[in-house]
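Data first, discussion second: the structure below is written as structure tokens.
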Amino acid sequence: MTDFDTGPPYGFYLRHNGSCPESQIQCSSQAQWSDDYGEWFNCCPEDTVCVDNTCCPSTSGCKTAIESDPHCANNQTWDLYEQGGGFFCCEQGTIGYVNSGLEVGGEQASGVACAEHWMQGDNYDLLTALAKGTPSPTPTPSSSASASATPTPTSDSDSGSGHSKTAAIVGGVVGGVVGGLAGLGLIIGLVWYVRRRRRQQGQVQAADPALPTASQGAPVNEYKGAFGELPDTHVRSELSGSPNQMAHELPAEPAR
């Protein structure tokens, strides 16, 4: 059991053409070997130590622990390859290959590297990756941020609905105005009718003579004869009677 986490940034090295990329260290100042495609270096992430072509936490090495679970020191953008019992890594977008036409110290040798295209020649054999790097998922903006940043396109149906709502509102306003004008016209007509009715009644009363009232009675002299007493005369008329009735004379006035 190891006393450290054997996961990245600890793992097998990257084979790179030319100097190592930024944020990486070279396992040696000299190239491992070179061919028609350039010089090849072994590279490890910063804050690691390259021991026996393995990226470890210290100079004590970690190759045995890493071989128990083979993986690249960067398992997000590096692909893992195996050749002749040894492991190495290539950046995604490149292809691992082996060149068996090398000569080291006067003896024939082979070496591994990474190419950006298919290799041509009898000395080159392409390799198949044992494991592909898995990039970490890119965080996506929240739905609320997306809604505020990106305007929602309006479909034809939404536009039609908007026009319908606008037409309904305009129709309601026009209807309200027309209804108000109709009500005002009705009130004006009613007032005109009442005033005309009163004017007609006034004309009728002016045409008919007024009847006399108690204060406007006839003069006393005009009706005086109707209620006066008989004139005070000494002549007395006899009452008329039937022919068979006996006549009586009134007694004479007594002597005074």
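Each reported figure results from applying straightforward, stated rules to the coordinates on display, with no laboratory input. Predicted model only: the values in this text are computed from it and were never measured. Cβ coordinates were reconstructed from backbone atoms using ideal geometry, including for glycine residues, and neighbour counts include every protein chain displayed.
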Legend entry - GluC sites (Glu not before Pro) within segment 2-107: DSSP coil, no more than 15 neighbouring Cβ in 10 Å: 22, 46
Legend entry - Whole-number percent relative contact order across segment 11-131, with pairs defined as alpha carbons under 8 Å at least 6 apart: 22 percent
Legend entry - D_trans [Stokes-Einstein, Kirkwood Rh over alpha-carbon pairs] for segment 11-131, 25 °C, 0.890 mPa s, µm² s⁻¹: 168 µm²/s
Inset, instruction - Return the sequence-ordered ³J(HN,Hα) values of segment 38-48 in whole Hz as given by the Karplus equation 6.51 cos²θ - 1.76 cosθ + 1.60 applied to θ = phi - 60°, using x for Gly and Pro. - result: x, 8, 10, 10, 9, 10, 10, x, 4, 6, 10
Legend entry - Order of 122, 36 under a 10 Å beta carbon neighbour criterion, fewest first: 122, 36
Legend entry - Reference-scaled alpha-carbon Rg (2.2 N^0.38 Å with N residues) for segment 2-41: 1.44
Inset, instruction - Rank these for me by crowding, 187, 66, 95, 25, going from fewest to most other beta carbons within 10 Å. - result: 187, 25, 95, 66
Inset, instruction - Sort 40, 192, 33, 78 so that the residue with the fewest other Cβ atoms within 10 Å of its own Cβ comes first and the one with the most comes last. - result: 192, 33, 40, 78
Legend entry - DSSP bridge pairs, segment 1-104: antiparallel proportion in percent, nearest 5: 90 percent
